[in-house]
Each structure stands twice: as C-alpha cells, then as structure tokens.
Amino acid sequence: MTLHSDVAELLAGAGIGDVDVDDAVADEHVRSSAYQRVVLVAASSRSRHRDRAMVAMILRDPSELGSKTAVVALLDMIAAKATGPAEFRQWSAGLLPEIGRLRTEEYREFLHRRIQDWVFHLSVKDGHVPAPAELANVTDWMQRVVAEESTSPDVLDLLAGSGSSKKIRNIAKNRAGTRKPRAK
C-alpha cells in the first residue's frame, strides 16, 4: 500500500472527486484538507463498518500531525452522535490497534486521552456523577466542555469545587447559580 493508493481509495470511498490525488500526495496541506473532508463524509454516514480501515489508511500518512488531526475530528463527530458511553467505547475500541501503530507516542497518548474524555462526557451526559478522582483523570478541555454543557447540579457542584482550573470552576459556579453576587 502506498500513500497514492491510500489517498485515492479514501477519496473514492467518500465520493470526493474534485481533489487531484497527485496534488494531495505532493502537498501535505492538500492531503490534510482532503482527510478532513473524508472524515466528515464518514461521520455523516450511518454505517460505521469502514471506519477502522479508513483510520488505518489515514494514520499511515507520513505526516502524523495531519493524520492525527483528522482522526481527532472523527472521534469528536462520532462522540457527538453516540447514544451513550458503551456505544462509543465499543466503536473506539476498534480503532485502538490502528492508533497503536502511530510512531509518535505523544500522538498515540493524545488520541487515547481524547477517547477517554469522550467516554467520560457521554457517561456524565447519561446521568453519571463522577467522583473527584474520575474528574482528575480527564483533560482540562473536557472538564471545560462538561462545565459548559452539563445541566446536572451535582456535576456542576463537583466542577465548581474540584475543576482543574479557576476558569472551569468559575464556569461551573456561574452555571450552577452558586456564585455569590458581588457586593456593590
């Protein structure tokens, strides 16, 4: 398998005909943009059966930053559509062997953390109130997302008291209505 054949197959599979494969192979920016389009098409599909093969092809790209970015976009879009943490956990488990093939450890860890963050988010969305130790195991980014989106008073109280940054704690306090008004 070559980069040319991977890019050609990804574009054809997504029905994208307006990207020149040779241009995409020659220019990592064109290729990265094409991957974003491929991922968007894949995420909008109801079928998830081709996702692992698609991710494998994208992650074989010599530009790991561009390929990691495309996979992050896919994770984010699929998580937004998931009906719950079990569904997302099962789907993402199929990607783990492909993610494990990345040469750059930092990128592998980032993708694993992103999956962990989304499982946490979907669990909270499903009604789970995390313990402080669980909260400490997710990124600041996900803590902020949950603080901005959760409607659970218990979750907001936890974030207001145990969020990893002042910004997260303040967002949660304001959303929970627990912040005391300033004296005038």
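Below are the figures for this structure:
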{"item": "Lone qualifier among E64, E28, E87 - being touching a helix residue (DSSP H, G or I) at 6+ places or on another chain (Cβ under 9 Å) and more than 19 Å from R114 (Cα to Cα)", "result": "E28"}
{"item": "Failed item, numbered, when S92 is tested on (1) under 13 Å from the mean Cα position of the chain (by Cα); (2) open to solvent by 20 Å² or more (accessible area, probe 1.4 Å); (3) of a type in the set (S, T, N, Q)", "result": "(2)"}
{"item": "Cross-chain or 6+ apart pairs with Cβ under 8 Å, the range 91-116 first and among the small types (G, A, S), then open to solvent by 30 Å² or more (accessible area, probe 1.4 Å) and at pLDDT 95 or above", "result": "G94/R52; G100/R108"}
{"item": "Failed criterion for A86 (all others in (1) closer than 24 Å to K125 by Cα; (2) open to solvent by less than 20 Å² (accessible area, probe 1.4 Å); (3) over 15 Å from the mean Cα position of the chain (by Cα) hold)", "result": "(2)"}
{"item": "Which listed residue is closer than 20 Å to R103 by Cα and basic (K, R), from R37, R48, R52", "result": "R52"}
{"item": "Wholly within the range 22-124, helices (runs of 4 or more DSSP H) carrying at least 2 residues that are under 30 Å from T151 (Cβ atoms)", "result": "28-44, 64-81, 85-93"}
{"item": "Cβ pairs under 7 Å, 6+ apart, first in the range 149-175 and among the charged types (D, E, K, R), second open to solvent by less than 70 Å² (accessible area, probe 1.4 Å)", "result": "D154/V129; D157/A176; R169/L159; R169/A160; R169/G163; K173/A160; R175/A147; R175/L156"}
{"item": "Filter pass, L158 being closer than 26 Å to V41 by Cβ and open to solvent by less than 30 Å² (accessible area, probe 1.4 Å)", "result": "no"}
{"item": "Only listed residue being free of Cβ contacts under 8 Å to residues at least 12 places away in the same chain and open to solvent by less than 60 Å² (accessible area, probe 1.4 Å), chosen from S45, S123", "result": "S45"}
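The values are calculated or read from the model by the stated rules, or taken from the named source; none is laboratory data. What you see is a predicted model; the values in this text were computed from it and never measured. Backbone-built Cβ (ideal geometry, glycine too); neighbour counts: all protein chains shown. Each accessible area value is taken on the protein alone, full model and side chains, heavy atoms only, with ligands, DNA and RNA left out. Shrake-Rupley method; radii C 1.70, N 1.55, O 1.52, S 1.80 Å.
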